[in-house]
Amino acid sequence: MLVLTELGSRLKEARLQKGMSLDELQTVTKIQKRYLIGIEEGNYRIMPGKFYVRAFIKQYAEAVGLNHEELLDEYKSEIPATSNEDIPEKLSRVQTSKNISPSTSKFLDLLPKVLIIVFIIGVIAVIYYFVENNVSNSDKQSNEDNNNPGAIVENNMPKDEKQNEDAAPEEEKDDAADENAEEEEKPVQELSVQESSGKNTVYELKNTDTFTLSLLAEGKSWVRVASADNETFYEETMEEGVEKELDLTDQKEVQVIIGNTTATEIKINDERLEYEVSPSEYVNQNITIRFTSLGE
């Protein structure tokens with residue numbers, strides 16, 4: 001306990017030398033003030049989990065100008081060790097393979113050949129259908145021409161007259177084509193990285209009228225969503241399987257602080273946000289999203 005007090009005292013001394021208050025340190029690190037006090041006093045029981053102890057100490061050390069790697073190494077025997085249950089992991093989507101019986105193995109060996117045969121038969125059936133259909137239509141048209149002399153006269157009309165008769169349908173087709181072109185020209189949402197430094201990344205969202213933020217916890221993770229003015233919209237330690245959706249259309253800039261990126265999925269208007277910085281490099285990351293709506 002004495003060594004942990006020395007660690008807290010060392011961090012506190014570095015903070016005071018920089019002339020930073022706990023409130024200022026909270027703004028810089030985005031760590032709640034009560035957790036910062038707990039680190040200085042060596043009271044790790046108030047932390048949301050053992051996993052966050054090392055992460056918070058690292059952020060504290062970086063903010064006050066200390067080498068976090070040397071600090072964590074020096075006090076590693078005194079800092080609570082994490083176990084498998086403390087470190088959130090992504091849900092495994094890979095099922096354990098089962099033993100395959102000999103009969104199943106033989107079937108799997110024959111399956112590609114069976115599929116090829118079925119494909120060939122399908123191609124032949126399609127060709128046969130079209131050939132028969134064309135022959136049937138030709139015979140039907142021939143019989144109709146024989147029974148309807150007027151159709152022959154129409155086919156023998158001068159081209160100019162036929163073009164005049166077909167002009168109206170062609171205009172209708174052009175109108176339909178124009179409508180389809182307008183639909184295709186609708187802008188596609190753009191979500192791109194503008195800046196990236198360390199654990200901080202700035203994204204830009206444009207070509208859309210909406211800004212919906214969806215969070216999915218695939219493990220335990222602390223998350224905070226706030227405005228550029230530090231107004232908190234959501235702050236919670238999300239348990240595995242918890243989902244949260246926020247409508248932020250009226251915000252121009254939003255800050256998202258993720259305590260565990262390995263267990264947190266983010267979607268913007270149903271488009272998955274790819275972390276610019278690998279979660280293996282920075283487990284906790286600060287993400288800023290700047291929103292520019294259409295027409296601005």
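General observations
- The range 190-291 - charge dipole about Cα centre, Lys and Arg +1 at Cβ, Asp and Glu -1, debye rounded to 20: 260 debye
- Residue exposure sequence - 237, 208 - by fewest surrounding Cβ within 10 Å: 237, 208
- For the range 2-74, the orientation-averaged shadow of the C-alpha convex hull comes to 4.3 nm² (one quarter of the hull surface).
- Take the Cβ atoms of residue 247 and residue 121, set R0 to 51 Å, and the FRET efficiency comes out at 0.45.
- When the C-alpha to C-alpha distance is required to be over 24 Å, the pairs from 33/267; 12/252; 58/220; 30/252; 33/220 that qualify are 33/267; 12/252.
- Distance in nm between pseudo-label sites at residue 235 and residue 281 (7 Å out along the Cβ direction from Cα): 2.9 nm
- Taking every alpha-carbon pair under 8 Å whose residues sit at least 6 apart, the range 190-291 reaches a relative contact order of 36 percent.
- Cα pair distances exceeding 19 angstrom across the range 190-291, given as percent: 36 percent
- Cα centroid separation - the range 21-67 against the range 217-295, whole Å: 20 Å
FYI, it's all coordinate maths here, none of it is from the lab. Being a predicted model, the structure only gives us computed values, none of them experimental. Note that we place each Cβ from the backbone using ideal geometry, even for glycine, and neighbour counts take in every protein chain shown.
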